[in-house]
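The values are calculated or read from the model by the stated rules, or taken from the named source; none is laboratory data. Note that this is a predicted model, so its numbers are computed, not measured. Reconstructed Cβ throughout: ideal geometry from the backbone, glycine too, with neighbour counts over all protein chains shown.
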Amino acid sequence: MKIRLMCPEDYDEVYNLWTVTEGMCLRNYDDSKEGITKFILHNPTSNFVAEENGQIIGAILCGMDGRRAYIYHATVKPEYRRKGIGKELLNAVYGAIQQAGIRKNGLLVLKDNHVGNEFWRACGWQERTELNYYSINMKLQEEDENTPK
């Protein structure tokens, strides 16, 4: 098993892994090939896959804005879990974050994703209960232009 940087060509295999991962929250544009390619190109040193025998068995996305790092879509195939692969992926991300000089990191996990919540707690992450998370979906201009009238 080896950990390596994720590249846009990994998209189909990584996306298939995400779609079979319970508790994964995928979005139409953000998690499309175009969206993930854009994310990887913007964060070329902080997204990783775990490979065994040429097959991707785990993946983790991490984006950095210069002040904070955020982890997205971390998963390992169920049959490979509890073998340290998730922690190896996370350590690869930690190395990229430290290289960038960033100290504060965040991530979101759905409340009913028990496997994910258990993993992050076991890795030393602390749940924040004192804040509210808000989001808004912005339409892209090209979506507006392509919308039938």
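Structure notes:
- Any chance residue 120 is surrounded by 10 or more Cβ atoms within 10 Å (Cβ to Cβ), assigned to a loop (DSSP other than H, G, I, E, B), among the hydrophobic types (A, V, I, L, M, F, W, C) and out of contact with any Asp or Glu (no Cβ under 6 Å at 6 or more places or on another chain): no
- Taken across region 14-27, residues that are in a strand (DSSP E or B) and either under 22 Å from residue 112 (Cα atoms) or among the hydroxyl-bearing types (Ser, Thr, Tyr) (or both) do not occur at all.
- Of all residues in region 39-78, those satisfying the criterion of being at pLDDT 95 or above, in a helix (DSSP H, G or I) and not aliphatic (A, V, I, L, M) are 39, 42.
- Members of region 39-74 found to be small (Gly, Ala, Ser) and either closer than 17 Å to residue 20 by Cα or surrounded by fewer than 20 Cβ atoms within 10 Å (Cβ to Cβ) (or both), listed by number: 50, 54, 58, 59, 63, 66, 74
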